[in-house]
Structures are given as C-alpha cells and as structure tokens.
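This report refers to the structure that appears directly beneath it.
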Amino acid sequence: MKNCQNIIERIYSDLKDIKDDGKVANYIPELGTISPNNFGAHITTAKKESFGIGDYDKKFSIQSISKILSLTLAYHLEGENLWKRVDVEPSGNAFNSLQQLDDDCGIPRNPFINAGAIVICDVLVTHLENPKDDFLKFCREIANNQTLEYCKKVAASERETGYRNFALCNFIKSFGNIKNDVEDVLDFYFHICALEMSCKELSEIFLYLTEDVKITYKEKEILNKNEAKRINAIMLTCGFYDEAGEFAFKVGLPGKSGVGGGIIAVQPNEYCIAVWSPKLNKKGNSYKGMLFLEEFTTATTSSIF
Ligand code: DON
C-alpha cells in the first residue's frame, strides 16, 4: 500500500493527545484495570505487507471481535442451516439488549449482538467435543499463531457480573433456541470474549475475509467467497450495534468492535486493519479507534464506497 506507514504515523500523531471523551468499560471489572492511554494500529495487506504504529504489538481483550471467529466456525460447521437460529438484520439496539427477543420468539436479530453470539456459542457447544480447547485450536490454526490464549481473569470477571448474559441465555432457552446447558454455553461464551490478541495479530487473523487469501481449517477452506461476502455484509450492517450506520457513513468498511477498545475493519479487496484505544464512546465503541479509521479510509481513499 502506497505511503501507508507515513499515513498512519500522521494520523497517530494527530490523535494521540486529543481530548478523548470516552470511558474505559468497567462493567466487566477486570477490563477497568487497563491503562486508558494504550493506543495502536496495524494493517496487514492481502499481499502480506505489514504496517504498525503505537501499541500495535500489545495483547488486549478482544471481546466482541471474537464473535466474527465464532460465527465463522459455526458457519463452516453448520452451513446455511445456521440462519434458522439467528437472523441477519441490524438491531438498532445496544449490544446487550433483551428488548426484541420476545417479539422475535427467541431468534436474535444478528450474530453480533450478545443474544446472537450466545446462540452461535450454543451451536458450537453442540458441534465441538471440547468447545474451549477446540475453538482455541481453530483460532491458532487459521492465524498460524500458537501464542493465542484466553485470559482466565477476564473470563472469571465477566462470569461474576454476567447478569444480562445469563438473562439473555435463559430467555432464549425458554423459546427452545438454546439446546445445551446454560452454564456450559455461557462458560464458553465468556472465554471466547476473553481471547487476547494484539492489533498485529488481529489484522493477520482476519485476512481470510479479503478476497485473495485462502485459509484452511482441517484441510478445508474455512469460507468460500460467497460465505466470506456474507460475513462481511453482516459486519457492515451489524458490527457496531446502534452505531453501525455511523461507522458505514464515516469509515465505509465492514468492521467489528469490542468493549476492550479494539476495532477491526476489512477492505475486502486489499487489507485488514486493527486499532486499539480502550476508552469507549456512549455506544460502546472505541472513541479514538473510530476517528483513526475514519481518517485512514479518507487518506487512503480505500473505503468500499
Ligand atoms: O458480553 C459482553 O458484554 C462482553 N463480553 C462483550 C461485549 C462487547 O464487546 C460488545 N462490543 N462492543
């Protein structure tokens, strides 16, 4: 990518010391212990060029970004039947909302809100012999990176305060759309949210969502082109909850955020970018991360629009 390193250096220095109106998530107490000043970004291109700035090599809790990985594995294993269990419509609601489930008879609006991700975890608990170990092996294999781990402290902290997720899982089970034990499904869900990765690792693992990169799992391509197109489409329309429109408007790429302050975005013909800054805006998305990505797609004229 032409001038990429210069561009990210300029954006980084423009944003590094701006007043950040965001707040670090502390509803999961362990997440509240992170230094709010961490700030980094990394780009990996489909041609394997690599550009990083700031804290791009530090690992952090990727939280909801892992919902792309669990969705990918569930889609790989279950095929089109998956969409009988979870819809593909933006919710326009907060990520942990219970509101629409009653009217929608326990079918979550999409796989990226907590309700949908919990149903995806249920699908994986049915398919996998040892869900936590097998999911970690899947991530390590597709990233070609054996250092990936869950942070046990974050998973435990999330379980202790996971009242809403317990409510969501039990409520969905009352409609018959959770097949396994609630404890097992949520133990798995809390662990996948507690996966730790750096911006560099994130920008590498999601290269399978770009057109020319083929990644296999157990010797089978993880997603074909059409399936990758669909995951990108759900990221574009649902990756930022009730801020998905704003992200498409300002950044113009499929993406996904996490309450650890990370965001990944994919330019399907060209690259994957990950940014990290722990302070979140009111909608739960990284305040500086959003600004960084907006400036990046503008400076590189690389949005999909
Ligand atoms: O379940 C939760 O609330 C968190 N483990 C994940 C939430 C999250 O990252 C939402 N994303 N912006």
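Each value in this text was obtained by applying a stated rule to the coordinates, not by laboratory testing. This one's a predicted model, so the numbers in the text were calculated from it and none came from an experiment. Neighbour counts are summed over all protein chains in view; Cβ atoms, including those assigned to glycine, are modelled from backbone coordinates with ideal geometry.
Under the simplified labelling scheme, the Thr216-Asn37 pair shows an inter-label distance of 4.8 nm, with each label point 7 Å from Cα along Cα→Cβ. Across the cross-link table entries Lys59/Lys137; Lys58/Lys214; Lys16/Lys282; Lys84/Lys229; Lys137/Lys200, which are compared at the Cα atoms, the separations over 22 Å belong to Lys58/Lys214.
Once you have a ≥ b ≥ c as the square roots of the Cα gyration tensor eigenvalues for segment 204-305, tell me rounded if a/c is under 1.5, and otherwise prolate or oblate according to whether a/b is larger than b/c. Prolate. On the beta carbon distance between Ala233 and His127, with R0 = 22 Å, the FRET formula returns roughly 0.40. Taking a Cβ cut-off of under 10 Å around Gln100, the surrounding Lys, Arg, Asp and Glu residues balance to a net charge of -4, with basic ones at +1 and acidic ones at -1. Note on the chain: helix-only mean residue ellipticity at 222 nm, from DSSP H runs of 4+ residues weighted -39500 (n - 2.57) and normalised by residue number, equals -12500 deg cm²/dmol. The shape of the chain comes out prolate: with a ≥ b ≥ c from the C-alpha gyration tensor, a/c is at least 1.5 and a/b beats b/c. In this structure, the amide hydrogen of Tyr27, modeled 1.01 Å from its nitrogen in the peptide plane, lies closer than 5 angstrom to no residue at least 5 positions away or on a different chain.
The separation of segment 1-18 from segment 46-64, counted between C-alpha centres, amounts to 15 Å. Descending by average beta-carbon neighbour count within 10 Å, the peptides 171-183, 150-162, 247-259 line up as 247-259, 150-162, 171-183, the highest first. When a/c is below 1.5 the answer is rounded, else prolate if a/b is larger than b/c, else oblate, so apply that to segment 17-78 with a ≥ b ≥ c taken from the square roots of the Cα gyration tensor eigenvalues. Oblate, because a/c is 1.5 or more while a/b does not exceed b/c.
Beta bridges per DSSP, both residues in the chain: antiparallel share near 100 percent. Does anything in segment 4-26 have its amide N under 18 Å from the 7 Å Cα→Cβ label point of Asp57, and if so which residues? Of the residues in segment 4-26, 5, 9 have backbone N under 18 Å from the label point off Asp57. Across segment 4-298, the relative contact order, built from alpha-carbon pairs under 8 Å that are at least six residues apart, equals 29 percent.
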